[in-house]
Amino acid sequence: MSSRACPCTALLPALALTLVAAMGCREPAKSDFQYSTDASSRAGLVALADGVLTANEAGTVVRLDRSGRVRWRAALDRDVATRPALLGGTVIAGTVAGGLVRLSLEDGAELWRLTREPPVLTAPVVDAEGKSIFLVAPDGAVRSLIAETGKTDWERPPPGKPEPTAATRGYPTPVVHDGMLVVALGDAGLMALATQDGAKRWQQDVRDVVGLLLWHDTLYVSTGQGRVVALNAADGAVRWEQTPAERMTGPPSLALGILWVGASGASPELVGLAPATGRELVRVPLPDPLLTGVAAVRGDLLMVPTSGRQGRLLALKSSTWEQAFSVRADTPLRTQPVVMDDQVIVLGLDGRVLSWRVRPSDP
């Protein structure tokens, strides 16, 4: 794998990138580190002040510093299929076998463990106070656990017949806002529950949700039917709705003042919408689908991870939205990058954590 890239040869094979760089093309991105977790991973990265946290299908949770050095590794019983959650100075991670653990963020020490729970296929989330952990089971049941002990505080039964895909992939990650937990439960639509007792606050008939994003008091939702909807988070009222493509392939994300979604029709695309109105601002063709969120570097580059076999991380210039360069991971990129100053960290499907340093643009 080559981590070199040049604006003039962004889509050439890796060897060509290396040769052109050697001939004098200034590298816009330089490989920083590469670390293998030793198993494939779809859990995503958790950004920390001094690095990242991830997990893999062998049941290992790993904390890395910004240089790629291992701070600690913790072995769980089975595959961790979802992004761990931070809870104060601790980490909450669940497994497909129905295990849930709370680990110390400092050294990975186990604080408590639950077993014989429903499979954790939807990422756990926590409240702002760090008192509760919220879980969505594959059948759509929602539970709140007391963070200190792991004991169940309240439980809401499934809303109806379980979704077939939820049994293997889970539901989109819920969001917590102002005493409410918003969950997307397939054909049951969107539902906001009181974090205190699980009582229903509002419900919207928005189905086949790909992902949710909360920004201030607005909830942005993308769906597999091509819809992007902005809701008032307090009561679920629709603020605007657009259908920019046949289907949305990834969750919404905000970067450089624009709401971005991966889209698919005749070919993969990146679509940028105005957050306040939903008006289309940008449409960029992609070599492969975008299945996750995007991230900005330095306020002038948009980093777009693609899910094809080559796993290209594209850098788009904010002035024109043309491609500045790309780097190749040689593994599908299906989770959102973490950006720290000029450093971009991604997780490959093969379980490698890859980091590049993005150089300033030439004047």
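Points to keep in mind about this one:
- Pairs linking a residue in the range 36-59 that is on the phi > 0 side of the Ramachandran plot and of a type in the set (D, E, K, R) to a residue that is modelled with pLDDT of 95 or more and surrounded by fewer than 22 Cβ atoms within 10 Å (Cβ to Cβ), with Cβ atoms under 9 Å and 6 or more positions apart or on different chains, are Asp38/Ala58; Asp38/Thr60.
- Of all residues in the range 127-138, those that are touching a residue at least 24 places away in the same chain (Cβ under 8 Å) and buried (at least 20 other Cβ atoms within 10 Å of the Cβ) total 6.
- Some residue of the range 157-173 being out of contact with any Ser or Thr (no Cβ under 7 Å at 6 or more places or on another chain) and part of a strand (DSSP E or B): no
- Counting only strands (runs of 3 or more DSSP E) wholly contained in the range 71-122, the ones carrying 1 or more residues that are open to solvent by 10 Å² or more (accessible area, probe 1.4 Å) and farther than 19 Å from Val46 by Cα occupy 110-114.
- Failed item in (1) surrounded by fewer than 20 Cβ atoms within 10 Å (Cβ to Cβ); (2) at pLDDT 95 or above, with Ser144 passing the rest: (1)
- Within the range 197-219, the residues that satisfy the criterion of being more than 16 Å from Pro157 (Cα to Cα) and in contact with a Ser or Thr (Cβ under 9 Å, 6 or more places away or on another chain) are Val206, Arg207, Asp208, Val209, Val210, Gly211, Leu212, Leu213.
- Cross-chain or 6+ apart pairs with Cβ under 7 Å, the range 295-312 first and farther than 18 Å from Val282 by Cα, then small (Gly, Ala, Ser) and part of a strand (DSSP E or B): Gly311/Gly348; Arg312/Ser326
- The strands (runs of 3 or more DSSP E) falling completely within the range 192-254 that include 1 or more residues that are open to solvent by 80 Å² or more (accessible area, probe 1.4 Å) and either touching a Pro at 6+ places or on another chain (Cβ under 6 Å) or modelled with pLDDT of 95 or more (or both) map to 200-204, 209-215, 238-242.
- Among the residues listed as Arg169, Arg247, Arg239, the single one being more than 22 Å from Ser132 (Cα to Cα), of a type in the set (D, E, K, R) and over 19 Å from the mean Cα position of the chain (by Cα): Arg239
The values are calculated or read from the model by the stated rules, or taken from the named source; none is laboratory data. Just so we're clear, the structure is a prediction, and the values are computed from it rather than from any experiment. Reconstructed Cβ throughout: ideal geometry from the backbone, glycine too, with neighbour counts over all protein chains shown. Just so you know, the surface numbers come from the protein's heavy atoms only, side chains and all, with ligands and any DNA or RNA stripped out. Shrake-Rupley method; radii C 1.70, N 1.55, O 1.52, S 1.80 Å.
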